[in-house]
Amino acid sequence: MTITDKNSSRERPDRGIRGVTILGSTGSIGINTLDVLARHSGKYRIVALTANTQVDRLFEQCRRFLPLKAVMLDPRAAAQLKEKVQQAGLDIDVLSGVDGLNAVATHTQAHIVVAAIVGAAGLLPTLTAVRAGKRVLLANKEPLVMSGHVFIEEAQRCGAELLPVDSEHNAIFQCMPDGFRAGNPAAAVRRIFLTCSGGPFRAATPESLAAVTPEQACAHPNWVMGRKISVDSATLMNKGLELIEAGWLFGVTPDQVEIVIHPQSVIHSLVEYVDGSVLAQLGNPDMRTPIAHALAWPDRIESGVKSLNLLEVARLDFSPPDMERFPCLRLAYEAARGGGTMPAILNAANEVAVQAFLDRRIGFTDIPRVIEHTLSSLPASRDVQLDAVLSSDLRARDVASSFIAAREPRVGQGVS
Ligand code: NAD
Ligand code: MG
């Protein structure tokens, strides 16, 4: 090979090497995925990396991992990245917008697409990857919560593999019988136990919750994660979203899922079979384990996660969740049981409320109030096709935003 062959050889597929696109590579899941992939450069090649606006971080990742393509959702950020890439003499094609995300989600050399964008913004590119028949590693749970019906149906129609990366769902997947495929009901499974750390306010009094700041809410005791999921973990909405996610992935009803508070985060979830057997998956709380599992499945690869020291763990505790102190979990159960577009409305109102909390426009205990108001203001439809879901998402965002705006003190009026 001569130097001038470089471009053509980069476009040429290597036998046995799996191409990977990471949607949301600059976030917590994206960074953990790159850490695992860096340990296996002979097995995987990075096809594309994407981010929203973080130019410097994506540029550093481009320099280190030399993807074929890099996408920034924001066109101005894409122009800045392009300039940096050119100045550094890197041979990387820089794209922008949702079209750019869709292009790398369907790239012929990407066998695996890691869905690690946060929130509903990940829905369309992830669905595009599913429709292209990819192996899709699902960290981004919100799209499945909104439109699980569409995802499961399209995955089956297009031959895509949906592999859960959310640690609980990955644990459940690992405890499922051989041959199990996401989206099908599992034979002989009686119940699923979804474990929950309880978040940073597990033992907080109801009065102290009202004064919680974004910094306190984002300081999770066991996991380091993006800000949105950190707040969701603090309100327990994360477990509510996971309840709905489990319903789609494992074909179980909300009443077949039991949520248990397990503060050590060592058992990542459990599956009970009809004969009374209960299988669990354990490990240190480190997202590189589920990421490595889903990348290599059905094989296993090193993830860099240190061995679990059971003697150090010493004890495992379990208790029921408190739905009065954490009303988000009750609201999620209601949406899960209600079905139709209710989960999409719940998710949209939650996204708006969490952002308003992070922006210090509302308090921590206002988050469930915004969601409850939105759920009771909008009639849920039984229609679960994509158009109905997307229009419910938009309407819920409007209702939630207006509710928040109406409660804010107007400029010049002060707070009475
Ligand atoms: P994060 O905020 O750290 O990263 C989000 C990524 O998405 C970033 O790369 C960001 O640039 C990109 N992004 C944000 N908004 C975007 C938009 N509108 N369009 C395109 N890209 C956008 O989030 P995270 O903690 O890595 O979580 C990602 C997803 O994985 C979430 O859905 C979360 O619920 C799920 N998840 C995360 C963890 C975890 O440990 N972090 C565990 C389980 C599930
Ligand atoms: Mg989880």
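If a spin label sat at a point 7 angstrom from the Cα of W223 along the line to its beta carbon, the backbone N atoms of region 251-274 nearer than 18 Å would be those of 258-271. Among D286, D398, D383, the largest mean-square fluctuation in a Gaussian network model of the chain, built with springs joining Cα atoms closer than 10 Å, belongs to D383. Take the Cβ atoms of R76 and D35, set R0 to 25 Å, and the FRET efficiency comes out at 0.30.
Place a +1 charge on the Cβ of each Lys and Arg in the chain and a -1 charge on the Cβ of each Asp and Glu, then give the dipole magnitude about the Cα centre in debye, rounded to the nearest 20.
Rounded to the nearest 20 debye, it is 860 debye.
Protection proxy ranking of 40-46, 189-195, by the mean of other Cβ atoms within 10 Å over each peptide's residues and highest first, is 189-195, 40-46.
Label-to-label distance for D255 and R190 is 1.6 nm, based on points extended 7 Å past Cα in the beta-carbon direction. Using a cutoff of 8 angstrom between alpha carbon atoms and counting only pairs six or more residues apart, the relative contact order for the chain works out to 14 percent.
Would you mind telling me the share, in percent, of accessible area of the chain contributed by carbon and sulfur at probe 1.4 angstrom? Carbon and sulfur: 51 percent of the exposed surface of the chain. Placing pseudo-labels 7 Å out from each Cα toward the beta carbon at N52 and T108 gives an inter-label distance of 3.4 nm.
Using a probe of 1.4 angstrom and keeping all protein chains present, the accessible surface of region 3-165 works out to 42 square angstrom per residue. Spin-label model, S381/F318: points 7 Å from Cα along the beta carbon direction are separated by 4.1 nm.
Listed peptides 249-260, 163-174 appear in the order 163-174, 249-260 once ranked by packing, highest mean of other Cβ atoms within 10 Å at the front. Checked against a 29 Å cut-off, the cross-linked pairs K43/K134; K239/K306; K43/K306; K84/K141; K69/K141 give Cα-Cα distances beyond that limit for K84/K141.
The values are calculated or read from the model by the stated rules, or taken from the named source; none is laboratory data. Owing to the predicted nature of the structure, the values given are computational and were not obtained by experimental measurement. When we count neighbours, we look across all protein chains shown, and the Cβ atoms used for this are built from the backbone with ideal geometry, even at glycine. Heavy atoms of the whole protein, side chains included, go into the accessibility calculation; ligands, DNA and RNA do not. Shrake-Rupley method; radii C 1.70, N 1.55, O 1.52, S 1.80 Å.
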